[in-house]
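The values are calculated or read from the model by the stated rules, or taken from the named source; none is laboratory data. Quick caveat, the model's predicted, so the values are computed rather than measured. So basically every Cβ, Gly included, is an ideal-geometry build from the backbone, and we count neighbours across all protein chains shown. With ligands, DNA and RNA removed, areas are computed over all heavy atoms of the protein, side chains included. Shrake-Rupley method; radii C 1.70, N 1.55, O 1.52, S 1.80 Å.
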Amino acid sequence: MDAEAGPAGSEQLPWRQHYRNLLLLAYQSFGVVYGDLSTSPLYVYKSTFSGRLGQYQDEQTVFGVLSLIFWTFTLVPLLKYVIIVLSADDNGEGGPFALYSLLCRHAKLSLLPNQQAADEELSTYYREGFTAHQGSSAWLRRFLEKHKKVKTGLLLVVLCGASMVIGDGVLTPAISVLSSMSGLQVRATGLQERSVVLLSCIVLVGLFSLQHRGTQKVAFMFAPIVIIWLFCIGGIGLYNIVHWNPQIYQALSPYYIVKFFRTTGTDGWIALGGILLSMTGSEAMFADLGHFTSASVRLAFITIIYPCLTLQYMGQAAFLSKNMFHMRTSFYDSIPGPVFWPVFVVATLAAVVGSQAVISATFSIVKQCHALGCFPRVKIVHTSRWIYGQIYIPEINWILMVLCVGVTVAFGDTTLIGNAYGIACMTVMLVTTFLMPLIVILVWQKNIIFSLLFLLFFGAIEAVYLSSSLMKVHQGGWVPLVLGFIFMSVMFIWHYGSRKKYLFDLQNKVSMRSILSLGPNLGIVRVPGIGLIYTELVTGVPAIFTHFVTNLPAFHEVLVFLCVKSVPVPYVPLDERYLVGRIGPKAYRMYRCIVRYGYKDVQRDDENFENMLVMSIAKFIMMEAEDVSSSASYDIANEGRMAVIRPTEDAGTPLGMRDLSGLAESISTTRSSKSESLRSLQSSYEQESPSVGRRRRVRFELPNEDTMDQQVKDELLALVEAKHAGVAYIMGHSYIKARRSSSYVKKIVIDVGYSFLRKNCRGPSVSLHIPHISLIEVGMIYYV
């Protein structure tokens with residue numbers, strides 16, 4: 001980094017910087033990723049011995065439970081997630097939808113037919129070293145791409161996993177905070193359960209009320225709390241091992257697992273529903289990966305998380321082996337008296353951190369679902385100016401808070417909430433286990449034997465735990481099933497309705513021959529200005545255009561069909577975001593622009609969007625002029641050809657930009673074609689809307705170059721004059737209805753479910769940050 005450093009220094013400095021960044025990210029990961037996993041000792045033993053296993057109060061049973069916890073914690077969080085699954089990140093992103101997006105890029109599995117060949121040229125599209133359609137994965141790819149039902153089934157599996165992550169966002173804060181607050185009853189013996197529940201609800205409301213502050217501050221503020229918490233419980237565990245039962249290390253042998261099941265039988269199998277709580281939070285570790293790196297998450301887990309939690313579970317088991325009557329409050333009873341209150345305070349704070357980890361993962365998964373067309377439009381707030389991808393979703397936050405407080409009040413017992421929590425976590429883990437073999441074959445292009453071994457080994461372990469949890473459906477386990485069904489139904493209905501709407505647009509788009517038959521003026525009056533016609537189509541002219549000119553036979557001099565599209569990659573670099581092409585001959589002044597976003601990109605109100613769009617079209621005009629093949633007469637066979645425009649590059653910029661000094665000047669110059677009353681209305685709107693008033697006002701200028709072709713010069717001049725005349729946004733205000741011949745189920749899904757969601761979610765103009773003063777909506781009815 002230092003240009004004047006010597007050769008040795010220049011070699012050492014990148015390594016120092018690398019390790020410094022690695023340690024910093026590992027430190028921050030404690031505050032976001034590991035809060036949930038590190039608070040599991042609060043309730044694992046209590047939930048395990050809450051049922052009929054409580055009848056087996058002897059040392060051998062405790063040894064068997066510890067052995068199960070140790071090997072479960074070693075095989076699933078350590079071996080499966082830290083060593084294997086973290087390597088399946090999607091350009092640094094994790095979670096079920098990250099795996100699904102990886103699969104959609106390496107095989108045509110998406111149900112929405114808006115993929116383009118240009119998408120595959122994105123720098124983040126394929127993994128490094130990937131070679132398409134070669135190796136043993138070709139047959140599996142063909143099978144998946146051929147059968148639509150298989151694609152639908154795969155989407156339902158992913159939606160199931162995503163809905164259970166949202167369910168985790170409801171249950172994790174409830175069980176973590178309630179478990180920590182229950183420690184008050186150890187010392188304040190007269191404190192009633194209702195008081196503990198009330199205090200827990202107050203903490204939960206405060207937690208959700210602070211979410212709008214963002215996770216960056218949480219990472220820095222809460223990381224020390226989790227680290228202190230881990231060293232506390234690790235030290236307490238070591239103390240209990242030495243003080244109560246130094247022979248507890250023998251329980252690490254798998255022999256005690258066999259002995260445990262021989263003794264307890266069915267009761268031991270049902271108790272697995274409590275033991276699985278020791279690995280809850282593993283999926284959040286993968287879902288929150290986007291804020292960090294896999295190396296930093298691995299470093300934090302192996303060096304601190306794994307040894308501290310192992311010591312704590314061993315110490316708590318050592319305490320229980322000599323104090324069987326303390327089963328219900330084993331964690332707090334095992335704390336030495338002098339340090340009880342400090343540990344209680346740290347435990348409460350750590351529980352809040354644990355909740356934060358899953359809430360952040362919930363926001364992330366909802367954003368991914370929304371970007372890939374599987375969730376209604378919601379408000380997404382970018383909470384950090386410096387750290388990309390940290391978001392806050394108000395609607396989801398308040399829904400989670402209401403559900404979380406409701407679960408806490410309704411159950412008031414960590415055992416019942418733990419039953420629900422276990423089902424949700426195991427379902428998400430099974431979804432990841434199901435998707436990983438496909439990743440191994442299609443993305444990593446490894447041997448199918450390895451993928452089958454992964455599926456059979458981890459699938460068998462998790463299936464056994466899930467079967468145990470399902471035995472407790474009547475004891476609170478029904479909550480994640482109901483929540484998962486509701487959220488999954490919402491997501492699938494939205495995706496189904498959106499897909500049907502897109503297919504209707506695709507089937508009813510205007511043919512280019514009919515456009516060409518109208519002539520350059522399209523048979524209508526062309527008025528000054530730029531008309532931005534929003535469409536979801538990536539090719540062709542949408543039906544909304546003909547619907548508009550049929551009712552109002554006038555349109556803008558320059559037409560731009562604008563498609564804001566999500567592609568199945570986490571991020572799209574700015575230099576690869578804009579695709580620009582031409583519709584019809586040059587005299588028609590019609591263009592197409594596709595703006596591509598990744599599922600982690602946040603579409604903010606970009607004050608320079610109009611300027612960047614005009615500059616991108618101007619660059620396209622110049623690129624087209626330099627291409628000899630495209631300068632010939634128009635050929636309908638070339639329709640759909642588009643070019644990637646890099647708006648940040650100064651090279652090839654045909655227009656100059658000059659900042660306007662004052663508001664009065666900007667109004668008089670950029671809105672000169674508008675009437676006095678409309679300019680007055682524009683001024684009032686800008687004063688009432690600060691975000692619009694702060695937009696950068698520029699005037700484009702065409703340089704005097706004699707070498708420029710006159711036809712190109714005329715086209716650029718028309719574009720500049722149209723921009724100065726004003727920009728109007730045209731969108732379809734659509735009403736979706738099922739056809740009369742549709743089945744009864746389809747009518748309910750479209751006419752009731754999808755219509756309800758569309759009416760109660762944010763409008764597309766709000767989501768796209770379109771200024772209302774420039775918006776024109778065209779009503780259309782879709783019979784799908």
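Yes or no: region 403-417 includes at least one residue that is in a loop (DSSP other than H, G, I, E, B) and either farther than 30 Å from GLN115 by Cα or at pLDDT 90 or above (or both). The answer is yes, given that some residue of region 403-417 is in a loop (DSSP other than H, G, I, E, B) and either farther than 30 Å from GLN115 by Cα or at pLDDT 90 or above (or both).
Per-residue answers, yes or no, for (1) assigned to a helix (DSSP H, G or I); (2) closer than 24 Å to GLY273 by Cα; (3) touching a residue at least 60 places away in the same chain (Cβ under 8 Å):
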position: LYS446; (1), (2), (3): no, no, no
position: PHE450; (1), (2), (3): yes, no, no
position: GLY459; (1), (2), (3): yes, yes, no
position: LEU481; (1), (2), (3): yes, yes, no
position: LYS501; (1), (2), (3): yes, no, yes
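Just one of the numbered conditions (1) open to solvent by 20 Å² or more (accessible area, probe 1.4 Å); (2) under 28 Å from the mean Cα position of the chain (by Cα) is not true of GLY484: (1).
From the set of residues in region 412-430 that are among the hydrophobic types (A, V, I, L, M, F, W, C) and crowded, with 24+ Cβ neighbours inside 10 Å, which is farthest from MET488 (Cα to Cα)? Give the derivation first.
Our first condition is that a residue be among the hydrophobic types (A, V, I, L, M, F, W, C); within region 412-430, this holds for 416-417, 420, 423-426, 428-430.
In the following step, the residues that additionally are crowded, with 24+ Cβ neighbours inside 10 Å were identified as 417, 420, 423-426, 428-429.
Details: ILE417: 21, ALA420: 17, ILE423: 16, ALA424: 13, CYS425: 16, MET426: 17, VAL428: 13, MET429: 17 Å.
So the residue we want is ILE417.
When the criteria are applied in full, GLY726 fails the requirement of being surrounded by fewer than 18 Cβ atoms within 10 Å (Cβ to Cβ) and of a type outside the set (Ser, Thr, Tyr).
Every residue, every condition in (1) within 36 Å of the chain's Cα centre (by Cα); (2) buried (at least 24 other Cβ atoms within 10 Å of the Cβ); (3) closer than 26 Å to PHE457 by Cα, yes or no:
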site: THR39; (1), (2), (3): yes, yes, no
site: TYR56; (1), (2), (3): no, no, no
site: PHE70; (1), (2), (3): yes, no, yes
site: ILE83; (1), (2), (3): yes, no, yes
site: SER87; (1), (2), (3): yes, no, yes
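On the stretch given as region 326-335, residues that are part of a helix (DSSP H, G or I) and in contact (Cβ under 8 Å) with a residue 24 or more places away in the chain total 4.
Filtered by the rule that a residue be open to solvent by 20 Å² or more (accessible area, probe 1.4 Å) and over 27 Å from the mean Cα position of the chain (by Cα), region 753-776 gives HIS772, ILE773, LEU775, ILE776. Tell me the residue from ALA420, ALA410, ALA424, ALA463 that is without any contact (Cβ under 8 Å) to a residue 40 or more places away in the chain, closer than 22 Å to PRO96 by Cβ and hydrophobic (A, V, I, L, M, F, W, C), please. Exactly one residue qualifies, and that residue is ALA463. Taking GLU120, is it acidic (Asp, Glu), at pLDDT below 85 and either in contact with a Gly (Cβ under 7 Å, 6 or more places away or on another chain) or not in a helix (DSSP H, G or I) (or both)? Considered against the rule, which asks whether it is acidic (Asp, Glu), at pLDDT below 85 and either in contact with a Gly (Cβ under 7 Å, 6 or more places away or on another chain) or not in a helix (DSSP H, G or I) (or both), GLU120 comes out as no.
Would you confirm whether or not region 484-497 contains a residue that is touching a Gly at 6+ places or on another chain (Cβ under 8 Å) and polar (S, T, N, Q)? There is at least one residue in region 484-497 that is touching a Gly at 6+ places or on another chain (Cβ under 8 Å) and polar (S, T, N, Q). So which residues in region 587-612 are part of a helix (DSSP H, G or I) and either surrounded by 19 or more Cβ atoms within 10 Å (Cβ to Cβ) or touching a strand residue (DSSP E or B) at 6+ places or on another chain (Cβ under 9 Å) (or both)? Across region 587-612, the qualifying residues are TYR588, PHE609, GLU610, ASN611, MET612. What are the residues in region 246-270 that are within 30 Å of GLY337 (Cα to Cα) and open to solvent by 10 Å² or more (accessible area, probe 1.4 Å), if any? PRO246, GLN247, TYR249, GLN250, LEU252 - these are the residues of region 246-270 that are within 30 Å of GLY337 (Cα to Cα) and open to solvent by 10 Å² or more (accessible area, probe 1.4 Å). Of all residues in region 336-372, those that are in a loop (DSSP other than H, G, I, E, B) and modelled with pLDDT of 85 or more total 1. Enumerate the pairs (first residue in region 155-172 and touching a residue at least 24 places away in the same chain (Cβ under 8 Å); second residue anywhere and among the acidic types (Asp, Glu) and surrounded by fewer than 24 Cβ atoms within 10 Å (Cβ to Cβ)) with beta-carbon separation below 6 Å, excluding pairs fewer than 6 apart on the same chain, so at least 6 apart or on different chains. So the pair list comes out empty.
Based on what the data block shows, is GLY779 at pLDDT below 85, touching a Pro at 6+ places or on another chain (Cβ under 9 Å) and open to solvent by 30 Å² or more (accessible area, probe 1.4 Å)?
no
For residues that are more than 30 Å from the chain's Cα centre (by Cα) and among the small types (Gly, Ala, Ser), scanning just region 532-584, find the one that is surrounded by the most Cβ atoms within 10 Å (Cβ to Cβ). Filtering region 532-584 for residues that are more than 30 Å from the chain's Cα centre (by Cα) and among the small types (Gly, Ala, Ser), the one surrounded by the most Cβ atoms within 10 Å (Cβ to Cβ) comes out as GLY581.
Taking SER511 as meeting all but one of (1) at pLDDT 85 or above; (2) within 30 Å of ALA728 (Cα to Cα); (3) surrounded by fewer than 17 Cβ atoms within 10 Å (Cβ to Cβ), write down the number of the exception. SER511 satisfies every listed condition except (1).
If a residue has to be within 29 Å of TYR597 (Cβ to Cβ) and either part of a strand (DSSP E or B) or touching a His at 6+ places or on another chain (Cβ under 9 Å) (or both) to count, how many in region 532-556 make the cut? Break it down into steps so the answer makes sense when it comes.
Start the filter on region 532-556 by keeping residues that are within 29 Å of TYR597 (Cβ to Cβ), which leaves 532-548, 555-556.
Still in the running and either part of a strand (DSSP E or B) or touching a His at 6+ places or on another chain (Cβ under 9 Å) (or both): 532-534, 541, 555-556.
Number of matching residues: 6.
Here region 271-312 is the region considered, the condition is being part of a helix (DSSP H, G or I), in contact with a Gly (Cβ under 7 Å, 6 or more places away or on another chain) and of a type in the set (A, V, I, L, M), and the residue that is surrounded by the most Cβ atoms within 10 Å (Cβ to Cβ) is LEU276. Residues satisfying the criterion are absent from region 219-237 (criterion: modelled with pLDDT of 80 or more and either outside any helix (DSSP H, G or I) or more than 30 Å from TYR306 (Cβ to Cβ) (or both)). The combined condition, being surrounded by 24 or more Cβ atoms within 10 Å (Cβ to Cβ) and among the small types (Gly, Ala, Ser), is fulfilled by SER47.
Within the bounds of region 201-218, is there any residue that is closer than 23 Å to LEU53 by Cβ, touching a helix residue (DSSP H, G or I) at 6+ places or on another chain (Cβ under 9 Å) and part of a loop (DSSP other than H, G, I, E, B)? No, every residue in region 201-218 fails to be closer than 23 Å to LEU53 by Cβ, touching a helix residue (DSSP H, G or I) at 6+ places or on another chain (Cβ under 9 Å) and part of a loop (DSSP other than H, G, I, E, B).
Does ILE399 satisfy the criteria of being within 30 Å of LEU757 (Cβ to Cβ), part of a helix (DSSP H, G or I) and open to solvent by 40 Å² or more (accessible area, probe 1.4 Å)?
Details: within 30 Å of LEU757 (Cβ to Cβ): yes; part of a helix (DSSP H, G or I): yes; open to solvent by 40 Å² or more (accessible area, probe 1.4 Å): yes.
Considered against the rule, which asks whether it is within 30 Å of LEU757 (Cβ to Cβ), part of a helix (DSSP H, G or I) and open to solvent by 40 Å² or more (accessible area, probe 1.4 Å), ILE399 comes out as yes.
Filtering region 517-531 to residues that are surrounded by fewer than 16 Cβ atoms within 10 Å (Cβ to Cβ) and either assigned to a strand (DSSP E or B) or not polar (S, T, N, Q) (or both) leaves LEU518, GLY519, PRO520, GLY523, ILE524, VAL525, VAL527. All of LEU13, LEU24 fail the test of being at pLDDT below 75, open to solvent by 10 Å² or more (accessible area, probe 1.4 Å), aliphatic (A, V, I, L, M) and part of a helix (DSSP H, G or I), apart from LEU13. Contact annotation: residue pairs with Cβ atoms under 7 Å, 6 or more positions apart or on different chains, pairing a residue in region 756-784 that is over 18 Å from PHE548 (Cβ atoms) and touching a residue at least 24 places away in the same chain (Cβ under 8 Å) with a partner that is open to solvent by less than 30 Å² (accessible area, probe 1.4 Å) and of a type in the set (S, T, N, Q), are ILE773/GLN682.
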